[in-house]
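Asks: Structure incoming, see below.
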Amino acid sequence: MSDAPYEPIVGRYLRLAIGDQPHRLYVEEAGEGIPLLCLHTAGADSRQYRALLNDAEILGRFRVIAFDLPWHGKSSPPAGWQKAEYKLTARAYVETIMAVVRALDLDKPAVIGCSIGGRAVLHLAIEQADKFRALIGLESGAHADPYYDLGWLHRPDVHGGEVCGAMISGLIAPTAPEADRWETIWHYMQGGPGIFKGDLYYYTSDGDVRTRLARIDTGLCPLFLLTGEYDYSCTPDDTRALARQIAGAQVTVMEGLGHFPVSEDPQRFLAYLRPVLAAILEGAAAPQTPRSSQP
Amino acid sequence: MTTGVIDRLAELANADAWLVERGRFLDVAFLIEVGDMPYLVRIRRGRIEAIERGPHVMPRWTFALRAPHEAWAKFWQPVPPPGFHDLIAMIKVGALRLEGDQQPFMANLRYFKDLLALPRSNPVRPA
């Protein structure tokens with residue numbers, strides 16, 4: 001047993017209530033130190049964070065925790081799910097994150113989220129900043145307009161797994177390693193019917209925070225924004241536009257990365273993440289003027 | 001350069017057994033426009049049966065993909081620049097127009113993305 005080539009990741013199921021509804025969520029974690037809660041992208045699951053959850057340097061300083069949203073990965077949909085269309089709302093998303101924080105008794109965790117998770121950290125910055133140590137938004141914008149008919153993602157004459165995988169494949173940078181590219185696509189191919197589309201309801205409609213950004217106080221909780229140059233869903237310009245509205249938000253444009261930096265090219269991404277984690281460790285991560293890297 | 005790229009597409013596609021296999025339920029004629037040159041591509045069971053270079057008289061097609069020379073030239077670079085590295089990306093940035101009945105395109109999206117990316121790894125040699 002002790003000689004088995006296990007990774008350091010431990011996965012367990014968490015029983016908790018979100019709103020009034022009992023849920024069973026799948027949670028993975030590894031490491032010890034500052035809690036770092038990881039939020040996956042729309043239509044995917046916590047497997048995206050496998051590189052963080054396996055990085056010895058990070059695990060020595062951080063307790064890395066990644067959970068699957070309800071309806072995603074190994075988390076169950078709640079009882080009665082079959083009776084209505086799945087649509088992720090801003091309220092449900094924030095409630096889910098806060099329920100996990102409470103259930104795991106996390107003391108001022110840092111949160112890293114990508115895409116819809118990158119939007120969720122903005123909701124946390126607006127509504128719950130005092131409960132978090134730092135927020136990291138990957139591929140984070142205040143709003144996104146749909147650039148294709150989302151109806152194609154969930155209809156009986158188009159295979160959901162095939163179209164979701166093919167649709168997001170272009171959001172990966174062309175330089176990504178083949179194995180990591182195709183594992184990222186595989187996660188999307190495994191999503192439940194209509195779940196990616198339902199998450200995009202939050203991304204393109206209900207999660208619009210454009211009018212609420214003035215409430216973000218990066219003095220209370222530092223905000224780091226990192227976006228890949230090949231991301232055409234949330235472009236570097238979208239993130240720069242977001243950062244112009246938030247004093248103290250720190251922007252990094254990541255070369256050779258797309259919309260899924262954590263899973264499409266983990267080592268390239270970790271080179272961008274390590275200085276952010278170092279700043280969180282130093283607790284000296286709240287400069288008062290925005291800084292922007294040149295693409 | 002984009003000259004001659006589409007003319008080679010049948011040879012490249014039909015030599016790719018896994019692409020043809022994945023297209024085995026696909027029967028469609030679609031139009032691809034490279035600048036002002038239209039090509040009618042006829043696919044049967046995943047194989048390209050014919051590519052008819054325009055101009056056409058009264059062509060019939062299910063969907064059309066239209067982009068300028070410069071956009072396709074960027075798309076077919078070995079490492080394309082952001083916005084030109086994917087068909088949906090080119091639609092997002094306004095470089096590519098998708099017209100007609102999108103159903104066969106969406107139902108076989110990976111097929112069409114892979115098909116049109118074939119010239120990227122198989123560049124045309126200068127004449």
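Only the coordinates and a few stated rules stand behind these numbers; no lab work does. Small disclaimer: the values here were computed from a predicted structure and weren't measured. Neighbour counts run over all protein chains shown; Cβ positions are idealised from the backbone, glycine included.
Asks: Count neighbours as other Cβ atoms within 10 Å of each site's Cβ, and list the trypsin sites (Lys or Arg not before Pro) in the range A:147-232 that are DSSP loop with at most 15 such neighbours.
Replies: Filter output for the range A:147-232: A:210, A:212.
Asks: Then there's this: Within straight cross-link reach of residue B:74, meaning Cα distance under 27 Å, which lysines are found once same-chain residues fewer than 8 apart are removed?
Replies: In chain and number order, the partners are B:92, B:113.
Asks: Which log10 I(q)/I(0) values, to two decimals, does the range A:69-125 give at q = 0.13, 0.21 Å⁻¹ under the Debye formula with one point per Cα?
Replies: Ignoring solvent entirely, the Cα scatterers give -0.38, -0.93.
Asks: Shielding of B:4-16 by partners, i.e. mean partner chain Cβ atoms within 10 Å per residue?
Replies: On the way: counts 0, 0, 0, 0, 0, 0, 0, 0, 0, 0, 0, 0, 0.
The per-residue average across the peptide is 0.
Asks: Consider just the alpha-carbon atoms of the protein assembly as shown and return their Rg together with their Dmax, both in angstrom.
Replies: Answer for the protein assembly as shown, Rg first and Dmax second: 22.6, 73 Å.
Asks: Mind counting lysine pairs for me in the range A:10-292? Cα separation below 28 Å, and the two need to be 8 or more apart along the chain or on different chains.
Replies: 9
Asks: Check which residues have an amide H placed less than 5 Å from residue B:48's amide H, if you skip close sequence neighbours.
Replies: B:14
Asks: Which loop-located trypsin sites (Lys or Arg not before Pro) does the range B:1-108 contain, where loop means any DSSP state but H, G, I, E or B and the Cβ has at most 12 other Cβ atoms within 10 Å? Don't jump to the answer; show the numbers that get you there.
Replies: Details: sites: B:8, B:22, B:24, B:42, B:44, B:45, B:47, B:53, B:60, B:66, B:74, B:92, B:97; in loops: B:24, B:45, B:60.
For trypsin sites (Lys or Arg not before Pro) across the range B:1-108 that sit outside H, G, I, E and B with at most 12 neighbouring Cβ atoms in 10 Å, the list reads B:24, B:45, B:60.
Asks: Hey, another quick one. Sorted from largest down, give the three principal axis spans of the alpha carbons of the range A:1-142, whole angstrom values.
Replies: Extents along the principal axes: 47, 34, 26 Å.
Asks: Going highest first, how would you order A:6-15, A:183-192 by mean Cβ packing within 10 Å?
Replies: A:183-192, A:6-15
Asks: If you don't mind, there's one more thing I want to ask. Kindly provide the trypsin sites (Lys or Arg not before Pro) of the range A:29-72 that DSSP labels as loop, not H, G, I, E or B, and whose Cβ sees at most 16 other Cβ atoms within 10 Å.
Replies: For trypsin sites (Lys or Arg not before Pro) across the range A:29-72 that sit outside H, G, I, E and B with at most 16 neighbouring Cβ atoms in 10 Å, the list reads A:61.
Asks: A further question on this structure: Mind listing the Cα extents of the range B:72-127 along all three principal axes, in Å, largest one first?
Replies: Largest first, the range B:72-127 extends 36, 21, 18 Å along its Cα principal axes.
Asks: Mean residue ellipticity at 222 nm from the helices of the protein assembly as shown, using -39,500 (n - 2.57) per DSSP H segment of n ≥ 4 over the full residue count, to the nearest 500 deg cm²/dmol?
Replies: Numbers: 15 runs with 132 residues, N = 422.
Taking each H run of at least 4 residues, the total per residue is -8500 deg cm²/dmol.
Asks: Taking each pair of distinct Cα atoms in chain B once, what is the resulting Kirkwood hydrodynamic radius in Å?
Replies: Mean inverse Cα-Cα distance, inverted, gives 14.6 Å.
Asks: Within a 10 angstrom radius of each residue's Cβ in B:79-85, how many Cβ atoms of other chains show up on average? Whole number is fine. Walk me through the numbers before you get to the answer.
Replies: Numbers: counts 4, 2, 3, 12, 4, 2, 9.
Mean number of neighbouring Cβ atoms from other chains: 5.
Asks: Another one. Which whole-number percentage describes the relative contact order of the range B:6-121, with Cα contacts under 8 Å and a sequence gap of 6 or more?
Replies: Dividing the mean separation by the residue count of the range B:6-121 yields 25 percent.
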